[in-house]
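In what follows, a single structure is set out as structure tokens and then discussed.
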Amino acid sequence: NPHVNEAIRFNDEIVQTRSVPRLLGLAVKIRRRKYDVILVLDPGWQAGLLATFFGGFRIGFDRAGEGKFHYRTIPFHATRHDSKQYLTLGKLLGYETGDTTLELFRTADDEYRAEELLKNVSIPRVVLCPGGAKNPYQDMPSRRWPAHQYRELANKLEAAGFSAVILGSQTDADVACEVVTPRSLNLVGRTTLAQAAAVMERCQAVVTHDQGLMHVAATSRTPIAALFGPTDPRRKGPLGKKHHIIWHASEPCEHNGKLFQCGPAHDMRAISINEVFEIVSDIVSSSVRNILSAVASTSSTVIART
């Protein structure tokens, strides 16, 4: 990322195990760099407390009094999209923008890798992302659309003449085994995040639930069918008019990583294969029309010049 001057890497276990000596070692490492400002994006008081050891002027959110460790705070809104929420912190530094475009920078090698992986896969291509919804701090299987429904969707898409491409990290290998069909292309564990974005860019639609690859997909120009259940698409969904949110609930039942009073509308199994298939079909039809229109426009131009 050309906008980042330095990245300080550390093992997630330091935070997970709450190892005080190792946390203090990390704090000293950061403090020695003498940063002027610390932006704390996590609204939890724990993140604010940890940031007190980093030095600098701390700016962050105040969620029901949890911003007490910051010098300056703004209210945390439970229904505001995370991207927009983070951008509001910039206002406290005198910066303001309405641009919520996500960027994931790719190299020529990433583009070449994507071309090679897809060279034998016919268009239209649909990416399926059946894994994810977990990280070192949280595993929420209730956010995932069932693997067998992804597989049935893949079969239905392939019967209709689409090509199914399965994407995910190496940790999604078990889920991928339940989804992959004899005709689909399994790329799980075979790409970096940048290469995954390049693959998505070369496909006509992406189907995913609330997970990391959904946000990777949002960095491409490919429309997304985003499936939601317990979590709130108003906060987590991909931004943009070309994307389609499938959510049967009116309010989330997930709060701060925990589930409360979830009902049938929050159950991911309630999202039917047919409704996802119809939305994907509409997305692809629109994409194909745009491609044909562009080709016709180019042809007309060539003829006119001739």
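Points worth noting:
- In this Cβ point-charge picture (+1 for Lys and Arg, -1 for Asp and Glu), segment 131-231 has a dipole of about 180 debye about its Cα centre.
- Calculated mean residue ellipticity at 222 nm for the chain: -11000 deg cm²/dmol, from DSSP H runs with n ≥ 4 weighted as -39500 (n - 2.57), summed, divided by the residue count and rounded to 500.
- Semi-axes of the equivalent ellipsoid for segment 33-90, Cα gyration tensor, largest first, Å: 19, 13, 8
- Farthest positive-ward along segment 136-216 dipole, Cα basis, beta-carbon charges - from ALA160, PRO141, ALA194: ALA160
- Degrees, to the nearest 10: 20-31 long Cα axis against longest axis of the chain: 80 degrees
- Put simply, the Cα atoms of segment 63-186 extend 57, 35, 25 Å along their principal axes, the longest span coming first.
- Full extension of the chain segment joining PHE57 with ARG31 gains 8.2 nm, where the gain is 0.36 nm per residue of separation less the Cα-Cα distance.
- Of all DSSP beta bridges confined to the chain, the antiparallel ones make up roughly 15%.
- Average silhouette area of segment 213-277, convex hull of alpha-carbon atoms, in square nanometres: 4.8 nm²
- Burial ranking of peptide ranges 229-238, 253-262, 271-280 (average Cβ count within 10 Å, highest at the top): 229-238, 271-280, 253-262
- Counting 0.36 nm for each residue step from LEU239 to LYS258 and taking away their Cα separation leaves a gain of 4.4 nm.
- Isotropic mean projected area of the C-alpha convex hull, segment 148-268 (nm²): 8.0 nm²
- Rounded to 10°, Cα long-axis angle of helix 147-159 versus longest principal axis of the chain: 30 degrees
- Restricting the calculation to Cα atoms, segment 1-107 shows an Rg/Rh of 0.97 when the hydrodynamic-style radius is the Kirkwood one.
- Solvent-accessible area, 1.4 Å probe, carbon plus sulfur percent, for segment 72-187: 50 percent
- Size of electric dipole in segment 1-142: Cβ of Lys, Arg +1 and of Asp, Glu -1, about Cα centre, debye, nearest 20: 640 debye
- Average projection area in nm² (convex hull over Cα atoms of segment 60-100, one quarter of hull surface): 2.9 nm²
- Across SER142, SER163, SER285, mean-square fluctuation computed from a Gaussian network of the chain (C-alpha pairs under 10 Å connected) peaks at SER285.
- Efficiency of FRET from Cβ geometry, GLN46 and THR88, R₀ 22 Å, rounded to 0.05: 0.55
- Karplus-derived HN-Hα couplings along segment 248-262 (A = 6.51, B = -1.76, C = 1.60, θ = phi - 60°), whole Hz, x at Gly and Pro: 8, 8, 9, 9, x, 10, 9, 9, 6, x, 10, 9, 9, 6, 6
- Overall, segment 10-55 carries a charge dipole of about 300 debye about its Cα centre when +1 sits on the Cβ of Lys and Arg and -1 on the Cβ of Asp and Glu, all other atoms neutral.
- The chain: Cys lacking any partner C-beta under 4.7 angstrom: CYS129, CYS177, CYS203
- Averaging 1/r over every pair of different alpha carbons in the chain and inverting the result gives a Kirkwood radius of 21.5 Å.
- For VAL175, the accessible area of its heavy atoms, probed at 1.4 Å with every protein chain present, is near 40 square angstrom.
- Taking the C-alpha atoms only, the angle from helix 108-118 to the longest principal axis of the chain is near 40 degrees.
- All lysines inside 25 Å of LYS134 as judged from Cα atoms, apart from same-chain residues fewer than 8 positions distant: LYS84, LYS236, LYS258
The values are calculated or read from the model by the stated rules, or taken from the named source; none is laboratory data. Bear in mind that the values here come from a model prediction, so they are computed numbers and not experimental data. Cβ sites come from the backbone with ideal geometry, for glycine too, and all protein chains shown count toward neighbours. With ligands, DNA and RNA removed, areas are computed over all heavy atoms of the protein, side chains included. Shrake-Rupley method; radii C 1.70, N 1.55, O 1.52, S 1.80 Å.
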